[in-house]
Amino acid sequence: MIIGSTYSQELNDAYQRAYDIGITTMPTIQKADLEGNAYRKHFAKMITEFAIKVLKKQPNTSLACSFIDITKESDEMKFYIKTACQLGLM
């Protein structure tokens, strides 16, 4: 349920659907920051969650998928970037 949203019905519905199927883990639409910048790490998390939970894809863990530009990212974001690569999405 979305409370106090100033977003359009379309964005409210999109957020709710994404939350319901686990694409976003942000507990409120306000925290989802729909008008903020989306970076590779955020996109990697969303597409990975969608590919695994909705499309039932499995990553090819034999792929190394290493990136030199993610050393300062959190372990969570490193995981999603690598997994997105192993899914063939990045």
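Laid out as a table, the results:
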read-out	value
Near pairs, Cβ below 8 angstrom, 6+ apart or cross-chain, from the range 27-42 (over 15 Å from ILE3 (Cα atoms)) to any residue that is surrounded by 10 or more Cβ atoms within 10 Å (Cβ to Cβ) and among the small types (Gly, Ala, Ser)	none
Residues of the range 1-35 classified as under 14 Å from the mean Cα position of the chain (by Cα) and assigned to a loop (DSSP other than H, G, I, E, B), total	9
Qualifying positions in the range 46-90 - within 19 Å of THR25 (Cβ to Cβ) and among the aliphatic types (A, V, I, L, M)	MET46, ILE47, ALA51, ILE52, VAL54, LEU55, MET77, ILE81, ALA84, LEU87, LEU89
Criterion: under 14 Å from GLN86 (Cβ atoms), surrounded by 10 or more Cβ atoms within 10 Å (Cβ to Cβ), in contact with a Phe, Trp or Tyr (Cβ under 7 Å, 6 or more places away or on another chain) and touching a residue at least 12 places away in the same chain (Cβ under 8 Å) - qualifying residue of THR61, THR48	THR48
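Laboratory data are not the source of any read-out in this text; all were calculated from the coordinates shown. Predicted model only: the values in this text are computed from it and were never measured. Heads up, the Cβs are rebuilt from the backbone with ideal geometry, glycines too, and the neighbour counts pull from every protein chain shown.
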